[in-house]
Amino acid sequence: MAIALAGLALFLVVPPFLPEWITFLLTLAWAKALAVLGIVLLLRGGLLTFGHALYYAVGAYTAGFAVKFLGVHDGLVVLVLAVVTGAAASALLGLLLARYRGMHFGLLNLAFSMVLYAILLKFYAVTGGTDGLRLPTPLLAGVKPAAAHLRLTIYYVTVVLTALLLYVAYRFTASPLGYTLRAVRDNEVRVEYMGASVRQAIYCSYIVAGVLASVGGVLAGFSVGHIVPEVSFWTQSGEFVFVALLGGTGSVLAPVAGSIVFEFVRNYAFKYSPYTWQMTLGLVLLIIIFFLPGGLWSLTGMVRRWIR
Amino acid sequence: MDPVGAVLETVGLTKFFGMVRAAEDLSLRFQEGELVGIVGPNGSGKTTLLNMITGYVKPDRGRIRFQGKDITGLLPRAVADLGIARSFQMPQLYLSLSVLENLVLALAIRAGRARGFWTPLVRVDRLDDARRILVQFGLEEHASHDAGQLPEGARKLLDVALSFARRPRILLMDEPTSGVSARDKSKVMDTLVPVLKGTGVTTIFVEHDMEVVERYAERVLAFDEGKVVASGSPDAVLADPAVRRALLGRP
């Protein structure tokens, strides 16, 4: 906990001294880490979803629609709305999905996310189709952030909110429900015989994961200022799974570490080899799988053992 | 039908798996606090009886009553909540959790906290309770080990301990000593039996090892092809020629 707070302090103190593009990358990384965190929580229950961008898109388009149709310009109000829509969407689909495991769970999620993608693409009048929707600079509790500090303001809102949700996720993992979810991965039969409902545990966790991704979608949307249907495309879900494996599932902080490393690796890979950057990412993942099967987070365990 | 005296009762319980008869017209009564052993060859319906009582398998016909209440057709979860717990032939543990966490989770679920997502699972009072149970089952040295790393005897004990942590009125044990070396079998039973007798829980255990049944059971039911072929004191049942033929293939 002390180390986590020290790390957070570092992310709060240093950015004003960094170039703006780095602040932007960090904002994106923190925002996307929430969607990855959702995947990591489900992975602890042995569930791998290939469609989690669905909820990321629900969040992003909640912001888009709130601005376009409801005239809501306050970012904090939008965030509350996104919690509601994310919870509603995952509560609805969860009714069906909590019955499935393994490949079926993964691919049904993928299917739903692609259905949303198609809707976002085709209902041009509402969604703006491939053009997407513009997200103007949000107000914060009624105050318009100064243009000179816009990037930094969005960065701080993102980091603080994400940090708060990381704490919520941490409480979740240490709670009876969090442990029941791990128990579900280990042995569903035993969980039922002990008097707990496997389906309820999965359902509740699925909603938590959906809300996290939805908030992540809002934060990423505002930091980019523009949203497109690709936020729900399967490659976006694949990216989240990639980052989840990169970071590891050992801690709720792992998605942040994975997400930051991913954004910078991709950025540099694209800069130095614009035609083969995917190959660079693939190699990175191969190296991680071969040498750090527990993800980057397992490095912390090595350091801890080494210090002792 | 008089429910008084029998804590658990089956009436005409019948179950076929295709052509295989796992239970036919089983009417059994179990008294409060007794320790009953069930013997019988493979496929004679011993485990199916446990599966039917706990709601894992639905009987084709017949009723199951627990404390006079009909529990036929309830889900395993509901049966567990009423106070019937079971352990398994192959220990069913949460292998990636520590022994202590396995037990603490069982205690939290019993307390109805399985859906709590904010207060931590591991609390001082639950830890104390869990440690007490570990001591009773002789598992305290393994408290911090992952359940996946335990030796077989300890796994069997933890499997029973998890069910015991629910403080059931009835405990069903499916071959508590199977997979344990001959030397350790009596160690497992010597640990289990005093704990179970101390709480007055009604215990029904399926067992293949005749010596174990003879030494520990107060009453024995011998199964063959879904029927009880003999019941009574261990000595009498195990001396019965029909039982010996069914179990050992010789009179």
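Just report the Cα centroid separation between region B:100-131 and region A:33-105, whole Å. Rounded to whole Å, the Cα centres lie 30 Å apart. All other residues whose Cβ lies under 9 angstrom from that of B:Lys15 are scored, Lys and Arg at +1 and Asp and Glu at -1, for a net of +1.
Just how large is the dipole of the protein assembly as shown about the Cα centre, in debye to the nearest 20, putting +1 at every Lys and Arg Cβ and -1 at every Asp and Glu Cβ?
Working: 52 positive and 40 negative charges, 165 e Å.
With Lys and Arg at +1 and Asp and Glu at -1, about 800 debye.
Nothing charged except the Cβ atoms of Lys and Arg (+1) and of Asp and Glu (-1): what's the magnitude of the dipole of chain B about its Cα centre? Round to the nearest 20 debye.
600 debye
Over the C-alpha atoms of region A:74-171, the Rg to Rh ratio, Rh being the Kirkwood estimate, stands at 1.05.
Taking a sphere under 12 Å around the Cβ of A:Ala174 and counting the other residues whose Cβ falls inside, with K and R at +1 and D and E at -1, yields a net charge of +3. Over region B:6-248, how many percent of alpha carbon pairs lie in each 5 Å bin up to the one with the longest distance? Pairs per bin, as whole percents: 1, 6, 14, 18, 19, 16, 12, 8, 4, 1, 0, 0, 0. Cross-link partners for B:Lys58 among the lysines, with Cα-Cα distance under 16 Å and sequence neighbours closer than 8 places in the same chain left out: B:Lys15, B:Lys46.
Fewest first, what order do A:Met279, B:Met189 take by the number of other Cβ atoms within 10 Å?
Numbers: A:Met279 11, B:Met189 21.
The order, fewest Cβ neighbours first, is A:Met279, B:Met189.
Its DSSP H runs of at least 4 residues, each contributing -39,500 (n - 2.57), put the calculated 222 nm mean residue ellipticity of chain A at -24500 deg cm²/dmol, to the nearest 500. Comparing B:Thr54, B:Thr177, B:Thr119 in a Gaussian network model of chain B, where Cα atoms under 10 Å apart are tied by springs, the biggest mean-square fluctuation is seen for B:Thr119. The residue among A:Gly75, A:Phe11, A:Asn187 whose Cα reaches farthest toward the positive pole of the charge dipole of the protein assembly as shown, with charges on the beta-carbon of Lys, Arg, Asp and Glu, is A:Gly75. Stokes-Einstein diffusion of the protein assembly as shown at 37 °C, 0.692 mPa s viscosity, Kirkwood radius from Cα pairs, rounded to a whole number: 124 µm²/s.
Taking other residues whose beta carbon is less than 15 angstrom from the beta carbon of A:Gly282, and scoring Lys, Arg as +1 and Asp, Glu as -1, yields 0. The Cα trace of chain A gives Rg and Dmax of 19.0, 62 Å, the first to one decimal, the second as a whole number.
Principal axis extents of the C-alpha atoms in region B:126-229 (largest first, rounded to whole Å): 45, 29, 22. Averaged over peptide A:181-187, the number of partner chain Cβ atoms lying within 10 Å of each residue's Cβ comes to 6. Over chain B, what is the relative contact order in whole percent, taking alpha-carbon pairs under 8 Å and six or more residues apart? 26 percent. Build a GNM of chain B with springs between Cα atoms under 10 Å apart, and of B:Pro151, B:Pro91, B:Pro234 the one that fluctuates most is B:Pro151. When A:Ile207, B:Ile204 are sorted by how many other C-beta atoms sit within 10 angstrom of their C-beta, beginning with the fewest, the order is A:Ile207, B:Ile204. Comparing mean-square fluctuations of A:Ala82, A:Ala147, A:Ala63 from a GNM of chain A with C-alpha springs under 10 Å, the top value falls on A:Ala147.
Measuring between their Cα centroids, region B:180-251 and region A:216-255 lie 58 Å from each other. Beyond a 23 Å Cα-Cα separation, which of these cross-linked pairs lie in this structure: A:Lys32/A:Lys122; B:Lys156/B:Lys197; A:Lys68/A:Lys122? Check vs 23 Å cut-off fails for A:Lys32/A:Lys122. Counting neighbouring beta carbons within 10 Å and listing from fewest to most, the residues A:Ile289, B:Ile84, A:Ile22 come out as A:Ile289, A:Ile22, B:Ile84.
For chain B, adding -39500 (n - 2.57) for each run of n ≥ 4 DSSP H residues and dividing by the number of residues yields -11000 deg cm²/dmol at 222 nm. Computed over the Cα atoms of region A:10-105, the ratio of the radius of gyration to the Kirkwood radius (Rg/Rh) comes to 1.06.
Stokes-Einstein at 37 °C, 0.692 mPa s, Kirkwood radius from Cα pairs: D for region A:91-133 in µm² s⁻¹?
So the translational diffusion coefficient is about 284 µm²/s.
The numbers here are math on the coordinates, done by the rules we state, and not lab data. Every value quoted in this text rests on a predicted model; they were computed, and no experiment measured them. Cβ atoms come from the backbone with ideal geometry, glycine included; neighbour counts cover every protein chain shown.
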